[in-house]
Amino acid sequence: MGEGLDVDDDLTTPPPRTALVVAAVVGVVVAVLIGVLATRPASVERVTQSPLLGKLSPAVTGETLTGESFDLAEQRGRWVVVNFFATWCTPCLAEHPELAAFEASHASTGDASIVSVLFDDKPANARVVFEERGGTWPVVIDPDGAISVSFGVARVPESFLVAPDGTVVQRLVGGVTAAQLDALLQQYEAAAGAGA
């Protein structure tokens, strides 16, 4: 009986060579996966398609955190970053200083501005974030989510770059940086200059 158990035990234990082959295959798969993940663009670099590209922006109107009214149509003549965010969203909080830097760098020229749309969050929470982290751009409250739906936003952060003529020219999924936004402005302005 004892000999029978030893034979069964030997059948369940793979020979050492098989174990080495399995370990090598697993190692190669893990290395490939790490390589793919390490070389794919970060979320701050994800520029994606949208049915809105090349079309007039949907309306962004409503009451802001400060109780004022906002209408995106009144911003014609300048670039506008329409940013969807929530205070419970970690990447949104990470991009906040980048948006503040972008706002500050364009304040004197007035060629570009930001409007944020509160996504599935309470205005009181957003007020705290802006008090603690700065930023003076308008934040439109979207209580029923109509603005988010019109832009096709399902999760945040997500931003849209609206040209001075009101056309949506870019959709950015994930956090943005001031440098990325400035590069996009330069790219589109250069293309418009070349086409003139």
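Right, ASP165: in contact with a Lys or Arg (Cβ under 9 Å, 6 or more places away or on another chain) and loosely packed, with under 13 Cβ neighbours inside 10 Å or not?
yes
Residues that are surrounded by fewer than 17 Cβ atoms within 10 Å (Cβ to Cβ) and either hydroxyl-bearing (Ser, Thr, Tyr) or not assigned by TED's automatic domain parsing to the domain that holds LEU181 (or both) within region 85-101 comprise just one, THR90. Candidates in region 54-84 are the residues that are surrounded by 15 or more Cβ atoms within 10 Å (Cβ to Cβ) and either in a loop (DSSP other than H, G, I, E, B) or without any contact (Cβ under 8 Å) to a residue 12 or more places away in the chain (or both); of these, the one that is farthest from the chain's Cα centre (by Cα) is LEU65.
With region 134-196 as the region, which strands (runs of 3 or more DSSP E) entirely inside it contain at least 1 residues that are among the acidic types (Asp, Glu) and out of contact with any Pro (no Cβ under 8 Å at 6 or more places or on another chain)? Full working, then the answer.
On the way: elements: 139-141, 158-162, 168-173.
Filter on region 134-196 gives 158-162.
For region 101-124, the set of residues classified as in contact with a helix residue (DSSP H, G or I) (Cβ under 9 Å, 6 or more places away or on another chain) and farther than 23 Å from THR167 by Cα consists of ALA101, ALA104, ASP120, listed by residue number.
Across region 85-110, the number of residues qualifying as in contact (Cβ under 8 Å) with a residue 60 or more places away in the chain and either closer than 17 Å to ALA179 by Cα or touching a Ser or Thr at 6+ places or on another chain (Cβ under 6 Å) (or both) comes to 10. Looking at PHE130, PHE84, just one residue is under 13 Å from LEU161 (Cα atoms), aromatic (Phe, Trp, Tyr) and out of contact with any Lys or Arg (no Cβ under 8 Å at 6 or more places or on another chain), and that residue is PHE84. Here VAL168 passes the criteria (1) farther than 18 Å from THR109 by Cβ; (2) at pLDDT below 95; (3) in contact with a Phe, Trp or Tyr (Cβ under 9 Å, 6 or more places away or on another chain) except the one numbered (2).
Exactly one residue among PRO157, PRO143, PRO123 is modelled with pLDDT of 95 or more and over 10 Å from ASN83 (Cα atoms), and that residue is PRO123. Of the residues ARG133, ARG155, only one is under 19 Å from GLU103 (Cβ atoms) and exposed (fewer than 15 other Cβ atoms within 10 Å of the Cβ); which? ARG133 is the lone residue from the list that is under 19 Å from GLU103 (Cβ atoms) and exposed (fewer than 15 other Cβ atoms within 10 Å of the Cβ).
Answer yes if at least one residue in region 118-130 is among the basic types (Lys, Arg), surrounded by 14 or more Cβ atoms within 10 Å (Cβ to Cβ) and in a helix (DSSP H, G or I), and no otherwise. Yes, some residue in region 118-130 is among the basic types (Lys, Arg), surrounded by 14 or more Cβ atoms within 10 Å (Cβ to Cβ) and in a helix (DSSP H, G or I).
The values are calculated or read from the model by the stated rules, or taken from the named source; none is laboratory data. Source: prediction; values computed, not measured. A quick note on method: Cβ atoms are made from the backbone with ideal geometry, for glycine too, and the neighbour counts reach across all protein chains shown.
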